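Since the structure comes first, as structure tokens, the remarks are kept for the end.
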Amino acid sequence: MKFTLDWLKEYVDTGDLSPETLAEHLTMLGLEVDSVTPLFPELQALKTAKVLSVEAHPNADKLHLCEVAVGDETLSIVCGAPNVRENLVTAIALVGTVMPDGTKIKASKVRGIKSHGMLCSERELGLSDSHEGIMELPSDLDHGIPLLEALGIDDLLVEVDLTPNRPDCASVIGIAREVAGITRTPLTLPVDAATLVHSNHDFSVDVEDSEVCPRYAARLIKNVTIEPSPWWIRKRLLAIGLRPINNVVDITNLVMMEYGQPLHAFDYNKIAGKQIIVRHPKNNEKTFTTLDGEERTLERDMLMICDANEPIAVAGVMGGMNSEVSDNTTNILLESACFNAISIRRTARRLKLASEASYRFERGVDPGGCVTAMERAVSLLCEIAGGEAAQGGVDYYGGVRPLNSLKLRISKTSALLGIDLDYDKIADVLQSIGIRCKPKDDDTIWVNPPTFRIDIEREVDLVEEVARLIGFNNIPTSLPTVSLSYPEQDPIRLLRNQTANLLADMGFSEAINYSFVTEKHLSMMQLAEDDSRRAQVQLLNPLSEEQAVMRTMLLPGLLENLKRNINFQKNAVKIFEIGKVFTPQGENEQPVEKERLTCILSGLRAGEASSLYYSDDTVDIFDAKGMAELLLETLRLYGCGDDAIRFRTPEKNEAEVFSDSGQCLLLDSDKGIVGQLSRLLPETAKEFGIKQDVFFIDLDFELLSSLKAAAKNFQSLPVYPAIKRDIALLVPANTKAGDLLDTIRTSKEKFIEHCEIFDVYQGKPLDTGMKSVAVSVTYRSPTKTLTEKNVNKSHTKIINTLTSKFNGSLREG
């Protein structure tokens, strides 16, 4: 919203407020002032000049030699304007002046005679499109004074950034009302609270839908004369960036900026049947040509202003060429209406047609101010355009809602703002901006918000108004009483963050995929038709066919991520996602949301590290198992505790259909199966366009979160040395290597500190059906240094236990 200080002062006395102080006050009221700048700074160097004499140029028929007085100077200037004459007061650009278009005026010879400046037209000054001659100023003006002073535009332009909820301030009077609340001075309005006598002898108005057009007022003005507007109107419009057109159009624009009420003038003689019908387009009305000459495509829900035959304007946006006011117009029908904000916003966006009128209608105009703004325009049209207003007019207000009365509690207002208030204080600030108040009881005020404050709907809105007008800076600052207790944090969120950090430390990257996926994923994963995960939540309005359902698995999305990486020649991939899957419950029930953790590994074990330092081995099932073990050990859910997770091979039908059953492990607990890790079947990988081996870890994160981690045990650092012994044992090939470790760990040998497998071998020269498992056992005593005798005794017992339990023998050689 733009306005000038001089224009503002026509409606309110700003007192001794400086422009800077005024801008600060408006900003604190919620009307953020973007800038306060001098008006027309590019014209500051220009001055007024008086033509003393005019002679014909000796070397050109259309040029004149002029003697021009500029203050104490008399200059010789060559001018080609047809209206230059003796005693004419005009604008001059002296040598060195930079014009608005960037041209620098120099002393130069024109057809052999030197010219010391330039007499300027309005177009050269950027004030209008007129270029028929140089600018003509009142003859009683002094010469040599600044042009801005002579034109009355030595002023400041203020630009305010309005929030969408304050359409009442999209006008100079709206801003003046806020200033009046600061200075506690009354508003001076050109027309206030006008009414309209209903008369439809000359024309009729029919509104088909009062929801989209709550109010429509119109008046007929006859015998107008179309001509340029007087300077005082043109300067107002030029100051805020609007182009003057003619007196009728300029008056409607002036009143719109003054009152915030858009108006439109129709050529009355072009209105068929002398009827105005506010309706939507008919089926055969497909296009419409607006005032800018563009043919616009109409849609069924766009609101149009029509005559008896066809549309003549797009309601609230722009008029049409078929009813435009032209130089030949003598009678005009003036429209002042209130349209539905959503309807106008939708129409303006679809037509890609933004205007000053649509800007105001989109935010909501004052339904109670239509007639007042129209009467202001009518008085100007009669005064300036010589029009004669027909008696009465039409004022349809079938959709205007009654005034909303609100109750404002004094105690509630004081409590919310943290200051002591009473009726007199609250009523004083509210009434200063036109909000009427009266007491209901000792603690309650009846408040009637005016029609121009469409944003005030609730008690809390009134509290905000009180805070604004008192001044946020005047509300004392106090710190709330806050308990020093540490806030309880969500354990699941903490576990999620810890898990994500651990996986990132292992070299994984986190993926965040859409919850909306394609239905094809489940078929690509080769799920059975009766698999519960095939029941999916269907979206009513999907973004695309590829995002039509809510996911029931995380793995397909990660496989799509892997495929994209491979397409970009990034074959070594480790990614994970912690996200929700959705299971439908019923037609009118919300789906069940469960959180899962899924990881995939594929490609080189060393990633993109140089093969000079690392082997080119690819990841395998042991990488997946090792990472799962490390994750669970760090979370204290593996190897110890009541809820410890165990790895085991799946029984029949326990493995996923897309898992390689020969390379698959289940993660089991006393509360149920937590998940599994496996190699993805190659045929499933091919469904996603992946030709390399893929290994995955898929966990029920909610079940994982419910498991109780083992208590932390702390031990002092060992004082005595450890002794390591290796066991190379030949056992049947179907013996699980992990069972050997479990046997050692659960033995009652007190000196065993740690054991691990460091080699498994099958093949020659071993017998068929046998394999070699090498285990390293670490012995240590917390109280003494172990002797060979101590270690041999324990080691022999371990060997005897293993060979007897697993039908094995020590490997020799």
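The values are calculated or read from the model by the stated rules, or taken from the named source; none is laboratory data. All values reported here derive from a predicted model rather than from experimental measurement. Cβ coordinates were reconstructed from backbone atoms using ideal geometry, including for glycine residues, and neighbour counts include every protein chain displayed. Remember, those area values only see protein heavy atoms, side chains included, never the ligands or the DNA or RNA. Shrake-Rupley method; radii C 1.70, N 1.55, O 1.52, S 1.80 Å.
Check the stretch 85-93 and report whether any residue there is over 19 Å from GLY144 (Cα atoms) and of a type outside the set (A, V, I, L, M). Explain how you work it out, then say what you get.
Keep residues of the stretch 85-93 that are over 19 Å from GLY144 (Cα atoms), which gives none.
No, every residue in the stretch 85-93 fails to be over 19 Å from GLY144 (Cα atoms) and of a type outside the set (A, V, I, L, M).
Does VAL400 qualify as being touching a Leu at 6+ places or on another chain (Cβ under 6 Å) and either open to solvent by 20 Å² or more (accessible area, probe 1.4 Å) or part of a helix (DSSP H, G or I) (or both)? Step through it out loud before you land on a result.
Numbers: touching a Leu at 6+ places or on another chain (Cβ under 6 Å): no; either open to solvent by 20 Å² or more (accessible area, probe 1.4 Å) or part of a helix (DSSP H, G or I) (or both): yes.
No.
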Practice problem: Quickly run through the stretch 408-439 and pick out the residues that are outside any helix (DSSP H, G or I), touching a residue at least 60 places away in the same chain (Cβ under 8 Å) and under 20 Å from PRO476 (Cβ atoms). | Solution: GLY418
Quiz prompt | Out of PRO556, PRO584, sole residue that is at pLDDT 90 or above, farther than 22 Å from GLU510 by Cβ and not hydrophobic (A, V, I, L, M, F, W, C) | solution = PRO584
Quiz item: Do we find a residue being at pLDDT 90 or above and assigned to a helix (DSSP H, G or I) anywhere in the stretch 202-213?
Solution: no
Quiz prompt | Criterion violated by LEU189 - all others in (1) farther than 25 Å from PRO230 by Cα; (2) over 37 Å from the mean Cα position of the chain (by Cα) satisfied | solution = (1)
Quiz item: Do we have ILE578 as in contact with a helix residue (DSSP H, G or I) (Cβ under 6 Å, 6 or more places away or on another chain), of a type outside the set (D, E, K, R) and surrounded by 15 or more Cβ atoms within 10 Å (Cβ to Cβ) here?
Solution: yes
Quiz item: Of ALA528, ALA500, which residue is surrounded by 10 or more Cβ atoms within 10 Å (Cβ to Cβ) and part of a loop (DSSP other than H, G, I, E, B)?
Solution: ALA528
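In the stretch 723-752, what count of residues is obtained for those that are within 27 Å of LYS793 (Cβ to Cβ) and either part of a loop (DSSP other than H, G, I, E, B) or under 60 Å from the mean Cα position of the chain (by Cα) (or both)?
Let us first name the residues in the stretch 723-752 that are within 27 Å of LYS793 (Cβ to Cβ), namely 723-731, 735, 737-752.
Subsequent filtering for residues that are either part of a loop (DSSP other than H, G, I, E, B) or under 60 Å from the mean Cα position of the chain (by Cα) (or both) retains 735, 737-739, 741-742, 745, 747-751.
Summing the residues that are within 27 Å of LYS793 (Cβ to Cβ) and either part of a loop (DSSP other than H, G, I, E, B) or under 60 Å from the mean Cα position of the chain (by Cα) (or both) in the stretch 723-752 gives 12.
Within the stretch 566-580, identify whether any single residue is aromatic (Phe, Trp, Tyr), in contact (Cβ under 8 Å) with a residue 12 or more places away in the chain and under 13 Å from SER515 (Cβ atoms), and answer yes or no. Don't jump to the end; show me each part of the working.
Of the residues in the stretch 566-580, the ones aromatic (Phe, Trp, Tyr) are 568, 576.
Okay, now just the ones that are also in contact (Cβ under 8 Å) with a residue 12 or more places away in the chain, so 576.
Keeping just the survivors that are under 13 Å from SER515 (Cβ atoms) gives none.
No, because not a single residue in the stretch 566-580 is aromatic (Phe, Trp, Tyr), in contact (Cβ under 8 Å) with a residue 12 or more places away in the chain and under 13 Å from SER515 (Cβ atoms).
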Practice problem: Look at the stretch 46-68 and say how many of its residues are closer than 18 Å to GLY152 by Cβ and open to solvent by 50 Å² or more (accessible area, probe 1.4 Å). | Solution: 1
Quiz item: ALA217 is checked against (1) buried (at least 21 other Cβ atoms within 10 Å of the Cβ); (2) farther than 28 Å from ASN309 by Cα and fails just one. What number does that condition carry?
Solution: (2)
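Within the stretch 103-147, count every residue that is closer than 30 Å to SER18 by Cα and either more than 45 Å from the chain's Cα centre (by Cα) or at pLDDT 90 or above (or both).
Filtering the stretch 103-147 for residues closer than 30 Å to SER18 by Cα gives 125-127, 141-142, 144-147.
Now narrow it down to the ones that are either more than 45 Å from the chain's Cα centre (by Cα) or at pLDDT 90 or above (or both): 141-142, 144-147.
Selection size over the stretch 103-147: 6.
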Quiz item: How about the stretch 107-170: which strands (runs of 3 or more DSSP E) wholly inside it have at least 2 residues that are free of Cβ contacts under 8 Å to residues at least 60 places away in the same chain and open to solvent by less than 50 Å² (accessible area, probe 1.4 Å)?
Solution: 113-115
Practice problem: Mind counting the residues in the stretch 25-80 that are within 55 Å of the chain's Cα centre (by Cα) and without any contact (Cβ under 8 Å) to a residue 12 or more places away in the chain? | Solution: 2
Practice problem: Name the single residue, out of those in the stretch 345-364 being more than 11 Å from VAL314 (Cα to Cα) and without any contact (Cβ under 8 Å) to a residue 60 or more places away in the chain, that is surrounded by the fewest Cβ atoms within 10 Å (Cβ to Cβ). | Solution: LYS352
Quiz item: What are the pairs, 6+ residues apart or on separate chains, where a residue within the stretch 225-248 that is farther than 22 Å from ASP6 by Cα and aliphatic (A, V, I, L, M) has its Cβ under 7 Å from a residue that is part of a loop (DSSP other than H, G, I, E, B) and open to solvent by 20 Å² or more (accessible area, probe 1.4 Å)?
Solution: ILE226/ASP327; VAL248/ILE226
Quiz prompt | Residue ID - nearest to VAL365 (Cα to Cα), chosen from residues in the stretch 236-290 that are buried (at least 23 other Cβ atoms within 10 Å of the Cβ) and of a type in the set (D, E, K, R) | solution = GLU258
Quiz prompt | Residue that is surrounded by the fewest Cβ atoms within 10 Å (Cβ to Cβ) [pool: residues in the stretch 405-421 that are closer than 16 Å to GLY471 by Cα and not small (Gly, Ala, Ser)] | solution = ASP420
Exercise. Scan the stretch 310-344 for residues that are within 24 Å of VAL224 (Cβ to Cβ), part of a helix (DSSP H, G or I) and open to solvent by 10 Å² or more (accessible area, probe 1.4 Å) and jot them down.
Key: MET321, ASN322
Self-check item: So ASP34, is it at pLDDT below 90 and surrounded by fewer than 14 Cβ atoms within 10 Å (Cβ to Cβ)
Solution: no
